[in-house]
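Where a number appears in this text, it was derived from the coordinates with a stated rule and is not lab data. All values derive from a computational prediction rather than experimental measurement. Here Cβ is always computed from backbone atoms with ideal geometry, including for glycine, and neighbour counts include all displayed protein chains.
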Amino acid sequence: MSVLAYLLAVWVFLIGVYGLVTSRNLIHAVVCLSVCQSSTYVLLLAIGYQWGATAPVFSGIASDAAVVDPVVQAMVLTDVVVNAAVTALLLAIAIQVHKRHHTIDPDRLRSLHG
Amino acid sequence: MTALMIVTFILVAGGAAAVVFTREPLRQAVTLSAYGLVLSLLFVVLQAPDVALSQLAVGTAVVPLIVVLAIAKTRARKRQ
Amino acid sequence: MTRRARLILFVFGACGFALLLAAALLSVPGFGTAQHRYAERAVLAAQVQRHTANAVASVTFDQRGLDTLAETFMFVAAVLGIAALLRRNPDEEEIPPRAHRQERRPPVPNTLRLAAYLLLPVTILVGIYIVLHGHISPGGGFQGGVVLGTAIHLLYLAGDFPTLARLRPVPVFEATEAVAAGAFVLLGFGAMLTGAVFLTNVMPYGTQGELLSAGTVPLLNILVGIEVAAGVVLLIAQFLEQALLLRRETARK
C-alpha cells in the first residue's frame, strides 16, 4: 500500500514521456516535459514524508515535535523554480522555431531538413 | 494511508494524464493550470506548505500564462 | 523514424525503465517511515543553533546558502537567455501600446476590471508578507517574488495594457534584478570580512519566531524576493512583447 506514492511518481513520469513521444506540437511537447519534471517533486516529497509528522515549521508546535524532512522540501523548492525557467526557455525556442520555419509540428520540421 | 491522501494521489495521476491527452494547446494550458492546483493540494497533504505555495504561484499562474502567450504568438502568424 | 516506430520504441523503453525503477524503489526506505538522517541534523541545526522557525528556509538560505546562490543565478541566466532568444528581428515592427487600447476587440467587462484593480494592492501586500515572513512561516523569497511578479499583470487582465507597459520600464527591472542578485554575492563576501566562510550566517540569530531573527535569512529572502519578482516581470514582458506588440512587416503588405 505504501509504495503507492512511488508508483504515482513513476506514472507521472511515464505519462509525460508518452506525451513527448506522441506530440504533434512543440508547445504541447514542452508542457509534457514539465509534467515529467513534476514527477520528481512527487518522488522527493514521498521520500521525505513521515507518518504522523507535521510540516517543518516550528511555530505553534512543540520544539521536539516530529516533522517531515525539510532537506527534500528545499530541493523541491529549487526544482519548481528550475522547471519554470526551463519551460520558459523552451517556449522561447519554440517561438523562434516558428518564426524561422512557420510550423511547430516536429514531424514537419524533420521533413524540412530531409 | 489516509483517505485524503489516496484521493489526492488519484487526482494527481488523473491530472497528469489529462494534461498529456489534451492535444489542443490552448485547452492544455487550462488543464496544466488545474494540474498545478492539484499538485499543490498534494504537497499540502504531504506536509510541505513551502513547496505548495511555490507550486501554486508558479504552476497555476506563471507557467500557464507563458504557455498561452506562446500560443498566441504562433497563432497570430498563422492567420496572416 | 515513423510515428509508429517511435511509439514501439517508447513502449519497450518505458517497460525497461519501469522495471529498473521499481527495482530501485524497493530498496528506498518505505513511504512514511521515520528514517531521515539528514532531516534530524537539519532540524536540529535550524532549531537549536540557528533559531529559525521555518526549517526549510534555514536549509535553503543558511545551511545550503551556496546552492541557493547557484539557483538564483540559474534563474538570472534563464531570463537572460529568453531575452536573447526573443530579441526583435530586423524585419519585425512594433505596434505602440497606445494603439492597443482601440484595437482590443471585445471590451473587458467592468466587473473583471474592478476585480483586477481591487485585487492588485491586496496581491502585492500578500506578496510582501510572504517574502518578509519566510523564516518564521511557510513562504520566502521565491514564493513571494513570484506572487509580486505576477501581481502587476492583473492590470493586463483588466485590459489596461498601456498602464502596465508604463508601470514596468524594462531597463529599470533589468537593473533591479542584477543589483539584487549581485547583493546576494556581496552579502556572502561580507561574511568573509569577519573571518568566516563565504555566505556564513554572521548576524545575530535573535529569538525564534520573531520577525528579526534567524540572522541573514530574512535579508536573503528580501534580496531573492526582489530578484525573482523582477525576473518574472521581465520574463512575462518578453512573451507579452512577442504576442502583442511585434508583427512582421512583410506579412502586412
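Side notes on the structure shown:
- Segment C:102-194: C-alpha gyration tensor shape, a/c 1.5 cut-off, then a/b vs b/c: oblate
- Label-reachable residues, segment A:17-56, where backbone N falls under 19 Å from a point 7 Å from A:R110's Cα toward its Cβ: A:17-33
- Its DSSP H runs of at least 4 residues, each contributing -39,500 (n - 2.57), put the calculated 222 nm mean residue ellipticity of chain C at -20500 deg cm²/dmol, to the nearest 500.
- Shielding of peptide C:226-232 by partners, expressed as the average count of other chain Cβ atoms within 10 Å per residue Cβ, is 2.
- The tail of the calculated P(r) for chain B beyond 21 Å holds 35 percent of all Cα-Cα pairs.
- Debye intensity ratio I(q)/I(0), log10, the protein assembly as shown, q values 0.07, 0.10 Å⁻¹ (C-alpha model): -0.37, -0.76
- In segment C:3-252, the ratio of gyration radius to Kirkwood radius, Rg to Rh, stands at 1.08 when only Cα atoms are counted.
- Inter-probe distance in nm under a simple model that places probes 7 Å from Cα toward Cβ, at C:V28 and C:E94: 4.8 nm
- Virtual spin-label span in nm between C:R37 and C:L7, 7 Å along Cα→Cβ: 4.7 nm
- Neighbour counts of other Cβ atoms within 10 Å put A:W51, A:W11 in the fewest-to-most order A:W51, A:W11.
- Exposure proxy order (Cβ contacts within 10 Å, fewest to most) of C:M192, C:M203: C:M192, C:M203
- 3J(HN,Hα) along segment C:26-35, derived from phi through the Karplus expression 6.51 cos²θ - 1.76 cosθ + 1.60 where θ = phi - 60°, amounts to 5, 9, 6, x, x, 4, x, 6, 9, 8 Hz, with x in place of Gly and Pro.
- Contact order normalised by residue count of chain B, Cα under 8 Å, 6+ apart, percent: 29 percent
- Candidates A:S34, A:S59, A:S23, ranked by Gaussian network fluctuation over chain A, Cα under 10 Å, top entry: A:S59
- Theoretical ellipticity at 222 nm over chain B - DSSP helices of four or more residues, -39500 (n - 2.57) apiece, nearest 500: -27500 deg cm²/dmol
- A cut-off under 11 angstrom between Cβ atoms defines the neighbours of C:V76, and their net charge, with Lys, Arg +1 and Asp, Glu -1, is -4.
- For segment C:1-87, the list of trypsin sites (Lys or Arg not before Pro) that fall in a loop by DSSP and count at most 11 other C-beta atoms within 10 angstrom reads C:R87.
- Taking other C-beta atoms within 10 Å as the exposure proxy, A:V17, C:V79 rank A:V17, C:V79 from fewest upward.
- Within a Gaussian network of chain C (alpha carbon springs, distance under 10 Å), most fluctuating of C:V43, C:V11, C:V217: C:V11
- In chain A the Cα-Cα distances spread across 5 Å bins starting at 0 as 2, 11, 15, 16, 15, 11, 9, 7, 5, 4, 2, 1, 1, 0 percent of all pairs.
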